[in-house]
Amino acid sequence: MALVVAKFGGSSVADKDRVMNVAKIVTDTYKSGNDVIVVVSAQGDTTDDLIEKAKEINKDASKREMDMLLTAGEQMSISLLAMAIEKLGFPVVSLLGWQAGFITSSAYSSARIKKIKTDRLKKEIDKNNIVVVAGFQGLNRFDDLTTLGRGGSDTSAVAIAAAMGADICKIYTDVDGVYTADPRKVKNAKKLEAVSYDEMLELASLGAQVLNNRSVEMAKKYSIELEVLSSLEDKPGTIIKEKVEMEKCFISGVAKDDSVARISIIGVPDKPGLAFKLFSKLAKNNIDVDIILQSIGRDDTKDISFTVTKENGKKAVEIVSGYLDVIGGQKIKYDDKVSKVSIVGAGMQSHPGIAAKMFEALYDKQINIQMISTSEIKISVLIDNKDADCAVASIHDKFFSES
Ligand code: ADP
Ligand code: ASP
Ligand code: MG
C-alpha cells in the first residue's frame, strides 16, 4: 500500500462536472489500495474574483484581511470535493490548512511553511479516510490565517508529501505535462518525459506557470519525485526528479515573464561605491533586484540599469528618486512594457554556441535585446513586451524544429 498525495489546480475543479471527475480519479486511486491525501486549489478564477471584490471595497486592504478572504476560496473547493467523494460512497474528510497542521511564517500573502504537525493527517489516514486538504494556506504564530502566495497549492502538496513520507506526489492540471514552452501559446511545443529539479526550478522561476517555483525547491530538498499530469486525460505526464537523460537539443524549455520592469539611472559619476550604495538602499527596503547592467564610463559618467518586479516598480522608482542626490545621477527612466524571455537547459554548460543561437533567433525577427543575464543553466534577455510572444516562438523554433 502506498501513500499518494494528489494536487488538483483551479481549472481541474472549476465546475460540478470537473469536481465529480476529480472525485472519480481520487476514489479510483483509493480503490487500488492506496492511502490518499488530496490538495485542492480554489475553483476556476475564484481567487482572482475575490481579489476584485476586495478592490471594490478597499484598494489598499491589509494583507491580513486579504488572506482571511482568499483562504475562503479553498474552503469552498475542499468541501465540494468531499461531498462528491461522499456521493461516490467513500469515507472522506475535508481539512483547512490549519486543521491539517500547516504552521507558517507570519508574512501575510507570502507566508513560508515552517512545519506541518502531522498528527491529524495521520489520524484520518488511520481511520481509512480520504483526506482533502485546502492548499495555499496555513496558520501563523498569532493564530491568524496566512496564504503562501499565488500558485501556492503546489507547495502545500509537496510539503505534505515530504512531511508524511509519501511515495508519490502527483500534480494534476489542465495540460498533460511540462512542455518545451507554454503549449497554449506555442503550437509545436513538445512534452517532456522528464525534467530535472534544477531545470524545472529555473523554468518555474522564469515564468513557466505550470509549477510554482517554491514547490520545486521543496521537492528537490526532500527528494520528492513529482509527476505533472492531466486531470482530464488518463495518460502519463512529466516526471520531475534529480537526474534526467540529456535531450539532443541541450535545452529543455523556453519561458516568458511579463511581470518585470526596468529602471535606468543615467549619468552617475564613474567612481567606486555607487553600486553598493544603490543596491543596499533597495535591499533595505525589501526590493529584490534581478538583472543588473552597468555601462562602461564615458566622460566621467556611466549608466546603470536593473530590473525589479512590476509590483515593486513604482516603489523602487520613489526610493531611487529620493536617493538620486546621494548617488549623483542625472535622471531616472522607468519602463514596465518589457518582458524577460529565457532558455533553460543543463546541456548549455558543456556546449558552446547556445547563446549565439538564441540571439540569432531574435535577430531573425529584428528584435532588440535590452539586457542579458546568464547562469550555468539559463540565458535570459530583456526585450520589448510587444515582441515577447514572437521571440518565444522564434527561439523555440530555432532549438526544437532543427533538432
Ligand atoms: P493549475 O490551476 O492546475 O495550478 P496553472 O494555470 O497554474 O494550473 O498551470 C497550468 C498552465 O501553465 C497551463 O495551462 C499552461 O498554459 C501554463 N504553462 C506555462 N508554461 C508551461 C510549460 N512549459 N508547460 C506546461 N504548461 C505551461
Ligand atoms: N488559489 C490560489 C491561486 O489562485 C492558489 C493556487 O491555485 O495554487 O493562486
Ligand atoms: Mg498553478
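Details
- Modelled FRET efficiency - R0 41 Å, Met76 with Leu324, Cβ distances, 0.05 increments: 0.25
- Over 31 Å between alpha carbons, listed pairs Lys24/Lys241; Lys122/Lys284; Lys55/Lys277; Lys271/Lys314; Lys117/Lys185: Lys122/Lys284; Lys55/Lys277; Lys117/Lys185
- Going from the residue with the fewest nearby Cβ atoms within 10 Å to the one with the most, Leu229, Leu274, Leu293 rank Leu293, Leu274, Leu229.
- Percent of Cα pairs in the range 1-138 per distance bin of 5 Å, from zero to the largest separation: 2, 10, 19, 21, 18, 14, 8, 4, 2, 0, 0.
- Taking the helices alone, the chain has a mean residue ellipticity at 222 nm of -11000 deg cm²/dmol, built from -39,500 (n - 2.57) per DSSP H run of at least 4 residues and averaged over all its residues.
- Across every pair of non-identical alpha carbons in the range 194-248, the mean reciprocal distance, once inverted, gives a Kirkwood radius of 11.6 Å.
- Under the criterion of Cα pairs below 8 Å and six or more residues apart, the relative contact order for the range 121-203 equals 14 percent.
- Each principal axis of the Cα cloud of the range 321-395 was evaluated for its coordinate range; sorted largest first, these ranges are 45, 27, 14 Å.
- In this calculation the C-beta distance from Glu360 to Gln294 is compared with R0 = 25 Å, giving a FRET efficiency of 0.45.
- Listed residues Gly353, Thr71, Leu81: farthest to the positive end of the dipole of the chain (Cβ charges): Thr71
- The label point for Asp397 and the one for Lys221, both projected 7 Å from the Cα toward the Cβ, are 4.2 nm apart.
- The order of His396, His351, going from fewest to most other C-beta atoms within 10 Å of their C-beta, is His351, His396.
- Under the shape rule built on the C-alpha gyration tensor, where the axes satisfy a ≥ b ≥ c, the range 187-290 is prolate, since a/c reaches at least 1.5 and a/b is greater than b/c.
- Pairs exceeding a 24 Å alpha-carbon distance, out of Lys7/Lys310; Lys187/Lys386; Lys340/Lys365; Lys53/Lys114; Lys190/Lys221; Lys243/Lys378: Lys7/Lys310; Lys53/Lys114; Lys190/Lys221.
- Shown here is the pair-distance distribution of the chain: with all Cα-Cα distances grouped in 20 Å bins from zero up to the longest one, the shares run 25, 52, 21, 2 percent.
- When you restrict to C-alpha pairs under 8 Å that are six or more residues apart and normalise by the size of the range 82-147, the relative contact order lands at 40 percent.
- Normalised contact order of the chain, rounded percent, pairs of Cα under 8 Å and 6 or more residues apart: 13
- By the count of other C-beta atoms within 10 Å, a proxy for reagent exposure, Cys169, Cys390 are ordered fewest to most as Cys390, Cys169.
- Principal-axis analysis of the Cα atoms of the chain puts helix 354-364 at an angle of about 70° to the longest axis.
No lab work stands behind these numbers, since they all come straight from the coordinates. Just so it is clear, the structure is predicted and the values come from calculations on it, not from any experiment. A quick note on method: Cβ atoms are made from the backbone with ideal geometry, for glycine too, and the neighbour counts reach across all protein chains shown.
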